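Worksheet for the structure shown next.
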Amino acid sequence: MARDPVLTFTDRGIYCPAGDFFVDPWRPVDRALITHGHADHARPDHRRYMATPAAAPVMRFRLGDIAIDTLPYGETRRIGGADVSFHPAGHVPGSAQIRIEVAGEVWVVSGDYKIEPDGLCEPFEPVRCHAFITECTFGLPVFSWAPQAQVMAEIDGWWRACAAEGNTAVIGAYALGKAQRILANVDTSIGPILTHGAIENTNEVLRAQGIALPDTIRVTPEMDPKDHPGALVIATPSALGTPWMRRFGPVSTGFASGWMRLRGVRRRRAADRGFVLSDHVDWDGVNSAIAETGAERVFVTHGYTSIFRRWLEDQGYDARIVETEFTGESLDDPDPQQETAQ
């Protein structure tokens, strides 16, 4: 006799009937377990939230006075008829895969993840399961990431060249995750680092919870960039090419994204330099992560779902597509409400 599935897929989100909760729902629900704080996964208006202790502060910053319970990595909580635990996803600080076990059947919702340690967030840990729900934002062989150290050396070289030429280096990066990853890994001896207000707000939240980040200077309307020669400016992607940039005088613009692997994308963003840097797993990474779970069933969410599903079926998996409202990595900020901080 076939068992009922541990998780079902509804118009409100991924639902666990045994525990009567949702994972990263996109419509208001009573209880929401959240993988991480990006706006496509942590939505407003749920009655109760659960996340890791490291994810909770940025969620409170974004969503206000929410009722949130925290569960540290590796600890198990019984919710109704389900045993739940959170495990590092390596995506952004506090990000988690959520393991759900019902009557011996284990399903894992990965959220967003990457497998290369970045020196900022908790490294990805594979979780054994029967069914694995995975993103495939970059689910094509063309998406192959160089080692982080190589990409950071490219950013450092560009920054040094800009400083030598009297230009300000301005790089676009997500306010949560990518910006701090760059900040934590570039050579801070090259010059001062200035940050867009939305990014500095997130920096302050992360510093307050004990995450070490180099010193930064918030960009304000009163700031005179001439007081900070040779600076690197970390900006939100949507700030590039706007009047906000005029204060810096002659600039060279860069953009950090996995989409920089594709020809023409940098041109569309009107950036001088494109750096292939993503907080999402690449082609080899997503395949190795799936293999390490030992799962026989794989559900693919956002990204190249049709192509990736066919690939998985050819490899012998029972693969299915799940329609969600997750967006993965876009060329714009995932959280427009953070754009208000200038």
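Of 60, 48, which residue is charged (D, E, K, R) and either in contact (Cβ under 8 Å) with a residue 12 or more places away in the chain or surrounded by 22 or more Cβ atoms within 10 Å (Cβ to Cβ) (or both)? Break it down into steps so the answer makes sense when it comes.
Numbers: 60 fails: either in contact (Cβ under 8 Å) with a residue 12 or more places away in the chain or surrounded by 22 or more Cβ atoms within 10 Å (Cβ to Cβ) (or both).
One residue alone meets the criteria, 48.
Looking only at segment 290-321, count every residue that is under 23 Å from residue 104 (Cβ atoms) and in contact (Cβ under 8 Å) with a residue 24 or more places away in the chain and tell me the total.
Count: 10.
Determine, yes or no, whether residue 194 is surrounded by 14 or more Cβ atoms within 10 Å (Cβ to Cβ), of a type outside the set (Gly, Ala, Ser), in contact with a Pro (Cβ under 8 Å, 6 or more places away or on another chain) and in a strand (DSSP E or B).
yes
Just to be sure I understand the filter: pairs with C-beta atoms under 9 Å, separated by 6 or more residues or on different chains, first member in segment 71-93 and under 14 Å from residue 111 (Cβ atoms) and free of Cβ contacts under 8 Å to residues at least 60 places away in the same chain, second member of a type in the set (Lys, Arg) and assigned to a loop (DSSP other than H, G, I, E, B). Which pairs pass?
Hits for this filter: 89/114; 90/114.
Yes/no matrix, rows are residues, columns are (1) over 18 Å from the mean Cα position of the chain (by Cα); (2) assigned to a loop (DSSP other than H, G, I, E, B); (3) closer than 13 Å to residue 100 by Cα:
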position	(1), (2), (3)
11	yes, yes, no
32	yes, no, no
39	no, yes, no
42	no, yes, no
45	yes, yes, no
57	no, no, no
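Sort out for me the strands (runs of 3 or more DSSP E) sitting completely within segment 84-183 that have 1 or more residues that are among the polar types (S, T, N, Q) and out of contact with any His (no Cβ under 8 Å at 6 or more places or on another chain).
Values: elements: 96-102, 105-109, 131-136, 168-172.
Those strands (runs of 3 or more DSSP E) span 131-136, 168-172.
Output the residues belonging to segment 203-222 that are surrounded by fewer than 16 Cβ atoms within 10 Å (Cβ to Cβ), assigned to a helix (DSSP H, G or I) and touching a residue at least 60 places away in the same chain (Cβ under 8 Å).
Passing the criteria: only 208.
Tell me which residues, restricted to segment 166-180, are farther than 14 Å from residue 276 by Cα and in contact with a Leu (Cβ under 6 Å, 6 or more places away or on another chain).
169, 180, listed by residue number.
All of the numbers you see were taken from the coordinates with simple rules; none came from a lab. Quick caveat: nothing in here was measured; it's all calculated off a predicted structure. All Cβ positions, glycine included, derive from the backbone under ideal geometry; neighbour counts span all protein chains shown.
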